[in-house]
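Visitor: After the structure tokens below, expect a handful of questions from me.
The values are calculated or read from the model by the stated rules, or taken from the named source; none is laboratory data. Predicted model, so just to flag it, every value in this text is computed and none were measured. Don't worry about glycine lacking a Cβ; one is built from the backbone with ideal geometry, like all the others, and counts go over all protein chains shown.
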Amino acid sequence: MSIKLSVHGFAFALFVVAKANATPFTFSASNPFDQRANDFHAVFTGTGGTLSNPVLLENAPGAEAPTTLTTSFNELDIAWQEKAGNGVEKGESIKFKFESAHAPVEPYSYTWTFNGADVGSVHGLNGHEYAVIFDSGLTWEAAKEQAQARGDGWHLATITSEAEQGLVASILDGESGQYFLGGFQDPTATDVGDGWQWVTGETWSYENWYSGFNSLVGENLTEPNDFNSSNPTERVENHTEDYLSVWGLYDWKWNDTFSTAAFGSETSGYVIERTVPAPGSILLMGIGLVSLIYRVRRNSP
């Protein structure tokens, strides 16, 4: 299998170094992947639409002086010339600052482009990184192993709040199919709704199961339901579906599904997550890292 970054992910170490109640804000954006870029676009919240006076503080080694560095409302653009045709590559970072009439300013989304083509988008939330891995046909167990094999704290994603649910739904917007999450059911559970657990051991308290019409079977369904695809009239706790997914058919609400395949098709991939250690400078300020999403596609050669 070859790995292809289709909507290429860039995790950024982003931090605020401004003093409380001050209007200047300084950010650093780092590229840990092997994809090059020559344009950076950021959207910030908490600004009141008043970004101004953008200044480049440190350029990346693969970039010449920016051709433009501009702000418009709560957005900032940096574009630069490539150095020796390489662009900004793995491990390089840029550092910039701007001013805002409102505080605090928080990162919301970032997009890197290369010669006008989108090569990576990220979105922020609460000190975690999220990735959507497009790899169809995997079992839940294989997805779990692949997530952990990435190291650095990656695991199948756990959704423990409405905010996380909304974030995952937003990055899957426009996609289709089912994507495994890090939820599974205790095989000794005697009811479809009992014994659900997260791979991280976090408390299972938030739920977002789907209830409504399923166009594949032509009837209303309430998840979880241990649906038996070989006998669609069967609704018993037979542990046919012991794994958690989000499904485009359900507007990315939860579905209990099989380990080997989703009803009607193979799973399309899985969502992973990790906690990002906050740099000491952020901890001292009590600001904390944003969480990020990036997308990785895996395609057969």
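Visitor: For segment 37-64, give me each residue that is of a type outside the set (Asp, Glu), surrounded by fewer than 19 Cβ atoms within 10 Å (Cβ to Cβ) and under 12 Å from residue 88 (Cα atoms).
Guide: Residue satisfying the conditions is 61 alone.
Visitor: Same structure, new question: Is one or more of the residues making up segment 234-241 at pLDDT below 90, closer than 24 Å to residue 164 by Cα and surrounded by 13 or more Cβ atoms within 10 Å (Cβ to Cβ)?
Guide: Yes - at least one qualifying residue is present in segment 234-241.
Visitor: Next question. For residues that are part of a strand (DSSP E or B) and either within 14 Å of the chain's Cα centre (by Cα) or closer than 20 Å to residue 200 by Cβ (or both), tally how many sit in segment 170-187.
Guide: Within segment 170-187, the first condition is being part of a strand (DSSP E or B), and the residues that meet it are 178-185.
From the residues that got through so far, the ones that are either within 14 Å of the chain's Cα centre (by Cα) or closer than 20 Å to residue 200 by Cβ (or both) too are 179-185.
Within segment 170-187, residues that are part of a strand (DSSP E or B) and either within 14 Å of the chain's Cα centre (by Cα) or closer than 20 Å to residue 200 by Cβ (or both) number 7.
Visitor: When you go through 151, 218, 212, 174 one by one, which is the residue that is within 12 Å of residue 253 (Cα to Cα), surrounded by fewer than 16 Cβ atoms within 10 Å (Cβ to Cβ) and modelled with pLDDT under 95? I'd like the intermediate steps shown before the answer.
Guide: Numbers: 151 fails: within 12 Å of residue 253 (Cα to Cα); 218 fails: within 12 Å of residue 253 (Cα to Cα); 174 fails: within 12 Å of residue 253 (Cα to Cα).
The match here is 212.
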